[in-house]
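This report refers to the structure that appears directly beneath it.
Taken together, the values in this text are just the output of simple stated rules run on the coordinates, not laboratory data. Keep in mind the model is a prediction, meaning the values are calculated, not measured. Here Cβ is always computed from backbone atoms with ideal geometry, including for glycine, and neighbour counts include all displayed protein chains.
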Amino acid sequence: MSAPDTLTDLPPSAPVPTDTHPALDAPDYSPEPVPGETSLGASPTICADTARRTFFARQDEITLTFLRQLEGVPIPRYGRAGCISGQIHLASTYGVTAVSLQLEGRIVVDLEGRLPMFTYHFLKIPLALWEKGTNGEKYPPFAMPFRFDIPETFVDDGGKEYSLPPSYEPEMESVNLKDLYVQCSYTLSVKMARGRFMPSKLMVQKVNYDPRTVPPTHTLIYPFPYTTVTDETPPHGWRRYDEVIVARPQNGFHDVHCQLYAPALRVYSMKSGPIPYFLRVHGHSESMSALLCHAPPAPTSSPRSRWGITHASQSTTYDIEVHIKRQVSIAVGGVSAARSYIVGKGTLRDLPPVYRSEEDVNTVDYEGEVQIEPTVAVGGFDMGKLSIADFFVFTIKAVDPRKAAFEELTHSHTIRIVTGL
């Protein structure tokens, strides 16, 4: 008997026993945690369960309705990966030859004296609703539904992909930006085309794109354990930044060392509470005396005391300040520029014991918090031509630099401010 020519000619064999067991029934799932469960993360949008109002906008013979809007919003508002849905209502269809919509996103930049007003459209999504002659129709219906799915990203003219930026119209920040004007906006336009003897109609409605981002959860030992902290390992949830206050050589002092402790997770919600921090300053006793000089904090009526502590030396005083700074940067039309301003001021207070001596080395400890100002309306973002970045900034500087025994110290590290829920 000859052997089979191919594997397909082999007779079927008995199944090989395995240790595989049938899958158990899948567990029950629910959109919200049940007792004993917790959410590990969230990517929130504008909640459809609470947004059940209809927003109306009217211009001439065109009425736009937007479904599932929160009550009282000035313009329609949508979150990340949201859906713009509604209807167009026409008061008259006489002479109408076409009806179309377009969702647009654009930035406008104006830098006084250096850059004329620059407009860049980063998003254009057209939607044709009706055209004369389609399916033999002479007139459009009086009401036509529409729907746009908002993308999460866009590709710029250089081929690079970015996340879709939020609506940004810094009316409250225009003074801080000085000669720089920036705007990021979204519009939904309706065009009703008519015959050559009748004027066409165009309606433009602003919409607010407000993607929400929740900061990751983290644990933090608080209050800061300043009595037991060592130089080897920062407490759980904290990160240490080492800096040096450089002494000017002509004064004969030694450099003074600073250790700034801030939360290791550098993502904060604009709606969160104060951000804590801890500061340790230590150095040679004579240098510490020249820098701090046992002076008490400035009185609470002093404007400086709202965000810092002022110490006096024999020649001048030194301010210790902590704040959050926001930087708005542009790179358009061959011009790059940035403007910065403060969006959060910190408090600072001595911790007992104020001074500790060890082998002619003195140590001073401080703690404090910095609060993001309520005027901050958007989180940081980067879309290439326009970006917003935030920084945690710590400075020690002389009130009168001409009499200073030490150089000014400025430390900054990037943080990210997000919207929260």
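Calculate I(q)/I(0) for segment 337-404 by the Debye formula, one identical point scatterer on each C-alpha and no solvent, and give its log10 at q = 0.19, 0.22 Å⁻¹ to two decimals. Per q value, in the given order, log10 I(q)/I(0) is -0.98, -1.10.
Summed over all non-identical Cα pairs, the Kirkwood treatment of segment 53-209 gives a radius of 17.5 Å. What number comes out for the charge environment of F66, summing +1 per Lys or Arg and -1 per Asp or Glu over other residues with Cβ under 15 Å away? Combined, the nearby Lys, Arg, Asp and Glu give +4. Once backbone amide H atoms are built at 1.01 Å from N, L164 has T153, F154 as its partners under 5 Å, excluding neighbours fewer than 5 places away on the same chain. Note on segment 60-181: dipole from Cβ charges, positive end direction compared against C83, N176, Y139; the farthest Cα belongs to Y139. Scanning residues 5 or more positions from R239 or on other chains, those with amide H under 5 Å from its amide H are A262, A264, with H placed 1.01 Å from N in the peptide plane. Between segment 186-220 and segment 232-252, the C-alpha centres lie 49 angstrom from each other. Converting phi to 3J(HN,Hα) with the Karplus coefficients 6.51, -1.76 and 1.60 and the offset θ = phi - 60°, segment 141-148 yields x, 5, 10, 9, x, 9, 7, 10 Hz in sequence order, with x at every glycine or proline. Residue by residue, segment 176-186 carries 3J(HN,Hα) couplings of 5, 7, 6, 8, 10, 10, 9, 8, 10, 9, 10 Hz when phi is fed to the Karplus relation 6.51 cos²θ - 1.76 cosθ + 1.60 (θ = phi - 60°); x denotes Gly or Pro. Residue-wise HN-Hα couplings along segment 267-280, as the Karplus relation 6.51 cos²θ - 1.76 cosθ + 1.60 with θ = phi - 60° gives them from phi, are 10, 10, 7, 5, 9, 6, x, x, 8, x, 7, 9, 10, 10 Hz; Gly and Pro carry x. Each residue in E161, E321 was given a count of other beta-carbon atoms within 10 angstrom of its own, and listing them fewest first yields E161, E321. Under a 5 Å amide H cut-off, with hydrogens placed 1.01 Å from N, G344 pairs with I324, E373 among residues at least 5 apart or on other chains.
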